[in-house]
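So the structure is just underneath, and the comments pick up after that.
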Amino acid sequence: MKLSTRIALWAAAVVPLLVVLAGLLLLPLVGRDLRHQQDARLADRAAAVLPSVRALVAADTRGRPKVEQNQQRKVVDAALDSGVRVTAQDGTVLLSVGPQPADDRAFPGTPGGPATVHDHGAAWRVLTVHVSGGGANGGSGTLWVSEPGSLAGNQTATVRRRVLLVAAVAAPLSALIGFALAERATAPLRRLSRRATELDPAAPRTPGTEDGAGGAGGAPFTAERSGTAEVDELAAALALLLSRYDEQALRTAQALETARSFSAAASHELRTPLMSLGTNLDVLAAHQDLPPGERAEIVAELRDDHARLLDLLTALGTLARGDLVEVDSFGPVDLADLTDAAAADARRRRPEADITVELPSELRVFGWEPGLRIMLVNLLVNAAVHGRGGPQRTEPARVTVRLVPAGRVALLTVDDTGPGIPPAEREAVFHRFHRRRDSPGSGLGLTLVAQQAALHRGTVRIGEPPDGTGCRMEVRLPLPDTDTPTLRLPVRRDWIAGEER
């Protein structure tokens, strides 16, 4: 059942009920007001006829029939439509005109305000007044002014019938009005429903838009203001839900693509060292009597191939971690402390290299600490391996690491004394599996550096030290404006696949 239909039915049921309840509360008030009006009318009639009634009582006491008849006419004229009954002191009825109880015993015996009496099942409203004829011989009597009590009851019954009539008319009328208002009120909700149904699940998926509202189909869903607070809240919640759904779907797709890329890259790059391992093992198995020198050479090649396999798998796994990292993993990191720890680790790995650092006491960035550590370690190991000096590159590498704040960025430079990198090759060294002929690495070290710089919204470039000798790696990372800055990761992160970023 439509919401507007439900509202119409509820209005058709509730509004008449409210009318009836209001009538039940109103009827006692109406009855009381009608009785007050009747009592006031009786009091006015009694005041109007009282002078003539006094004269009538005095004339009866003094035995003046003509005067008595004259006063009777005056009383009848002043009584109008009310009933009037006048008795002398001895109970003799001097005048009885108009509507009044037929039984004399129904009249109150003592003077007082209006009272309700009953005569043969009929109710009467009666006002009793003591009358004095005036003077010593004027005598006294009693005046009763009466009206049927059913007058107020009849008017109350009329009000009751009209309340029921209004309730009967209010049922269909309130249903129509409720339906019209509900249709108008639910129009934004229907528009929102149509917009939601227009999302085509079969259409190509679209990444989230700038306001965070993604689409479940080919068209993005955005929260448009409708002027109705509840509908706007629902639209915003729906847009947020679709945006998160899009984000999770995109992350799932990226995870699957990363897994496929990892498998493809691993199978391709591991083929050569595995074939070399197999060849050397076959040689050892087929020639048990190899001279010790040749056997040692083959074993050394096996160890080199094994180390290369481990380095390659480790680097691919690290690239996969960078592709799948979430924003929740980012937080404030002391880059100076992290750089010092990375330098100490590089000294342990390459004790022959001379590594010096120039660091501030503290320099905080907003980043992923494991990723920054990976970037620093690969920068320093790359400089220690390829930074050997001398014509034959036999001199130990001298590496200088500097970290300084430069405006709104943290500037990290790693200088070495090696042969440097020609300008034409500086972009290619960041590509996956790019290696020099004499490089012992996997060809993914600088790819990891570029990946982490991109994840942190930074840059990495290759240049030359100030003295022009060697190679300089320069990384710039943005400094946060507050302790809890916001960060948006790149939409596409496919460093393993090696696609365009």
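Which one of R251, R303, R295 is at pLDDT below 75, out of contact with any Gly (no Cβ under 8 Å at 6 or more places or on another chain) and either of a type in the set (S, T, Y) or on the phi < 0 side of the Ramachandran plot (or both)? Sole residue among the options that is at pLDDT below 75, out of contact with any Gly (no Cβ under 8 Å at 6 or more places or on another chain) and either of a type in the set (S, T, Y) or on the phi < 0 side of the Ramachandran plot (or both): R251. Taking the criterion of being hydrophobic (A, V, I, L, M, F, W, C) and surrounded by fewer than 17 Cβ atoms within 10 Å (Cβ to Cβ), the residues of segment 31-47 that qualify are A40, A43, A47. Given the condition in a helix (DSSP H, G or I), in contact (Cβ under 8 Å) with a residue 40 or more places away in the chain and on the phi < 0 side of the Ramachandran plot, answer yes or no: does some residue in segment 61-70 qualify? Yes, there is a match, as at least one residue in segment 61-70 is in a helix (DSSP H, G or I), in contact (Cβ under 8 Å) with a residue 40 or more places away in the chain and on the phi < 0 side of the Ramachandran plot.
Condition test on L448, is it crowded, with 16+ Cβ neighbours inside 10 Å and either among the polar types (S, T, N, Q) or at pLDDT 80 or above (or both)? So L448 fits the description; yes. In this structure, R184 qualifies as loosely packed, with under 14 Cβ neighbours inside 10 Å and either outside any strand (DSSP E or B) or of a type in the set (A, V, I, L, M) (or both). Which one is nearest to A122 (Cα to Cα), of the residues in segment 58-95 that are surrounded by 14 or more Cβ atoms within 10 Å (Cβ to Cβ) and of a type in the set (S, T, N, Q)? Selected residue: S82. Looking at segment 148-195, which of its residues are without any contact (Cβ under 8 Å) to a residue 40 or more places away in the chain and among the polar types (S, T, N, Q)? Across segment 148-195, the qualifying residues are S150, N154, T158, S193. Listed by first and then second residue, the pairs linking a residue in segment 277-294 that is touching a residue at least 24 places away in the same chain (Cβ under 8 Å) to a residue that is of a type in the set (D, E), with Cβ atoms under 6 Å apart and 6 or more places separating them unless they lie on different chains, are L277/D305; N280/E301.
Give the residues of segment 115-149 that are at pLDDT below 80 and exposed (fewer than 14 other Cβ atoms within 10 Å of the Cβ), sorted by residue number. The answer is G135, A136, N137.
The values are calculated or read from the model by the stated rules, or taken from the named source; none is laboratory data. As the structure is a prediction and not an experimental result, all values here were calculated from the model. Virtual Cβ from ideal backbone geometry, glycine too; neighbours counted across all protein chains shown.
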